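Following: one structure in structure tokens, then a few remarks.
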Amino acid sequence: MKKIGIYPGCCFQGADIHNYDITTQFLEHMGVEGVLLDRAACCGGGVIDETNKKIVYGLNARNIALAEEKGVDLYTPCNTCYMIIAKTKLALDSDPELKKKINEILAEEGLEYKGTAKIYHTLNLIRDFVGLDEYKKKIKRQISGVKVAPYYGCHVLAPNEVAIDDPENPTILKEVLEPLGVEVVEGYKDEDTCCGYHARFTEPEQKERLAIKPLDGAKEAGADIVATPCPLCHKAMDGYDEPILQVTQLINVACGSTPEEAGINLNKTEVKLSL
Amino acid sequence: MKKIKYTARIKRYNPEEDRSYYQDFEVEVEDSLTVLELLMYIKDKIDPTLTFRAFCRSAICGSCAMIINNRAGLACKIQAKDKIKNGVIKIEPLKTLKPIRDLVVDQEPAFEKLKKIKPYLEPDPKVVPDNLKSESLVLPEEFARYDKQTDCILCMACYGQCNALKGDSEYLGPFQLTKVFRFIMDTRDGVDVEERIKLAEDHGIWECVQCQMCFAACPKGISSCDDILELRRIAKDVGEENIATRRAKFWFATVFETGQIDKLHLPEVAFSDEKGKKIRENMEKEFKQRGLREDEFGPKPFEGIEKFRNFIKKIEKEL
């Protein structure tokens, strides 16, 4: 069985602890063995930069080194963790001096950043690690009669250097959703507007103003549910009129999990799936 | 040179009728055209009423920023053939500014915001000599701190795609905030850091959502979202006390302690009021209902945390 390192970000913690179960369940359905990177630390979340941005490089060089120590690639379902870790990898791989300095400090913990581990997010994991054809074979039942609006979130499409698909015309989310039997509703208003998650504790009203926009757009276009790969977008946008789920939750249900096992009952805005 | 056929789908605006609409232009042109050259071809050969701003054709003047295939950029810097998707290239005006006609937007509101942040240097008499004979020296390592930011050509690509502006039309904007950072970093500037930070705060740095779109849009590779994080760091370091600076301090402290941010106590610390306390209490209640053990409520230090803490200390000191 293929193995992958599960990077534990804050989306597996506290009120979002069920996201870990959703993730391990998803990997199980995909026939991938998840290896928890248990000494991994926070990616910085775009907040540790406000203390010292060098720490962000250090943290993520160490996170990737932990995966390399175990001989696996690194997987995170979170858009932001993915973007920040992938950006660090780019910086380290293009700056031998930075890599050398960090490795000197990492050596004290017995770790080394080599640059061999790839960084995966749910969407490129399905496309490149599992393979879309294999993915389709894992689907056991169809979620029919549901109109789903794909919502990428920002950090899998920007910055361009780490985007997991064509940032201008992405298709991967549609390719992942369609085999589940759902009807995909694209091109709705504000589909590329940010959920505002990262303003939750800097300007909370800004988050409120933004989170509702893509939901309203999707509703207007006739979608029953919005589906995002990102647990942070999910958190920011759950609780309004239009329901939102994580793509992995829908995949888990289509691969045989009960809606309850997929954590769908934990949604603030109720979701009904016809199976 | 090879000729290719495709459709240019251009969003037009007619101010006389106050009407926006898409118009398709079928073209057969050389494959070497930039988007700007494509627009010039259409204006010259098909529709002389098509209106857009352009001047230098060399990605220097910053006149021709627009949305090309859903992303902001300079029309003169982007090859049209790279942007054809299913036989179509979509061209629209910048999103967060009102169109005047077709692809020309009213830049005034963005310039007015720029004026608000004192976008100029007020010489520090301690650094800048008071006569014209001596030079004001800036060391290369000092200039390196804001070298990139001086590349801004005010094209407004970042502004035209900014998510924070979608949430608040009064938001200052990415390039304006980069300008604040640039002057704070300039050793010759005499304006107090506190004053510059104040200018960046009203509808400013705390409203940014860190979506990275400004960085993705910038033809010069400037990362305004990173500059905004730096401005937040500076605000914190000069003693600013608010929800965001409390978050930043708590975030680093708990990551240093346990390796992870303590999300259970974060709202309480950040909000620093009854509301935050209530959020924590509700979370605890919910966790108990869901059958979580108390030690699962928040992060616990992982094995070998001492080594991790030493690592962070060394990174801070030596990197």
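What do you reckon, is A:Leu266 open to solvent by 30 Å² or more (accessible area, probe 1.4 Å) and more than 20 Å from the chain's Cα centre (by Cα)? In short, no. For B:His265, the conditions (1) open to solvent by 40 Å² or more (accessible area, probe 1.4 Å); (2) touching a Lys or Arg at 6+ places or on another chain (Cβ under 7 Å); (3) under 27 Å from A:Lys87 (Cβ atoms) all hold with the exception of (3). Note on the stretch A:1-102: enclosed helices (runs of 4 or more DSSP H) holding 1 or more residues that are under 15 Å from the mean Cα position of the chain (by Cα) and of a type in the set (Phe, Trp, Tyr) are A:18-30, A:79-94. Could you go through the stretch A:57-65 and let me know if any residue there is within 14 Å of chain B (Cβ to nearest Cβ) and open to solvent by 20 Å² or more (accessible area, probe 1.4 Å). Checking the stretch A:57-65: at least one residue is within 14 Å of chain B (Cβ to nearest Cβ) and open to solvent by 20 Å² or more (accessible area, probe 1.4 Å).
Scanning the stretch B:161-194 for residues that are within 13 Å of chain A (Cβ to nearest Cβ) and of a type in the set (Gly, Ala, Ser) yields B:Ala164, B:Gly167, B:Ser169. Scanning the stretch B:25-48 for residues that are touching a residue at least 24 places away in the same chain (Cβ under 8 Å), open to solvent by 40 Å² or more (accessible area, probe 1.4 Å) and more than 25 Å from B:Lys220 (Cα to Cα) yields B:Glu28, B:Glu30.
When A:Val247 is tested against (1) out of contact with any Pro (no Cβ under 6 Å at 6 or more places or on another chain); (2) buried (at least 23 other Cβ atoms within 10 Å of the Cβ), exactly one condition is not met: (1).
Take B:Lys133 and decide whether it is open to solvent by 10 Å² or more (accessible area, probe 1.4 Å), among the basic types (Lys, Arg) and in contact (Cβ under 8 Å) with a residue 60 or more places away in the chain. Against the criterion (open to solvent by 10 Å² or more (accessible area, probe 1.4 Å), among the basic types (Lys, Arg) and in contact (Cβ under 8 Å) with a residue 60 or more places away in the chain), B:Lys133 does not qualify.
Examine the stretch A:156-169 for a residue that is of a type in the set (A, V, I, L, M), surrounded by fewer than 23 Cβ atoms within 10 Å (Cβ to Cβ) and in the same structural domain as A:Gln249 (by TED's automatic domain parsing), and state whether such a residue exists. Within the stretch A:156-169, one or more residues are of a type in the set (A, V, I, L, M), surrounded by fewer than 23 Cβ atoms within 10 Å (Cβ to Cβ) and in the same structural domain as A:Gln249 (by TED's automatic domain parsing). Answer yes if at least one residue in the stretch B:91-98 is farther than 28 Å from B:Ala200 by Cα and open to solvent by 40 Å² or more (accessible area, probe 1.4 Å), and no otherwise. Looking through the stretch B:91-98, none of the residues is farther than 28 Å from B:Ala200 by Cα and open to solvent by 40 Å² or more (accessible area, probe 1.4 Å). Scanning the stretch A:5-29 for residues that are small (Gly, Ala, Ser) and open to solvent by less than 10 Å² (accessible area, probe 1.4 Å) returns A:Gly5, A:Gly9, A:Gly14.
For the stretch A:30-52, the tally of residues that are open to solvent by 10 Å² or more (accessible area, probe 1.4 Å), within 7 Å of chain B (Cβ to nearest Cβ) and more than 23 Å from B:Glu303 (Cβ to Cβ) stands at 4. Of the helices (runs of 4 or more DSSP H) lying entirely inside the stretch B:258-319, those containing at least 2 residues that are of a type in the set (Asp, Glu) and free of Cβ contacts under 8 Å to residues at least 12 places away in the same chain span B:274-289, B:305-318.
The values are calculated or read from the model by the stated rules, or taken from the named source; none is laboratory data. This is a predicted model, so every value here is computed, not measured. In this analysis, Cβ positions are derived from the backbone assuming ideal geometry, glycine residues included, and neighbour counts consider all displayed protein chains. All accessible areas refer to the heavy atoms of the entire protein, side chains included, with ligands and DNA or RNA removed. Shrake-Rupley method; radii C 1.70, N 1.55, O 1.52, S 1.80 Å.
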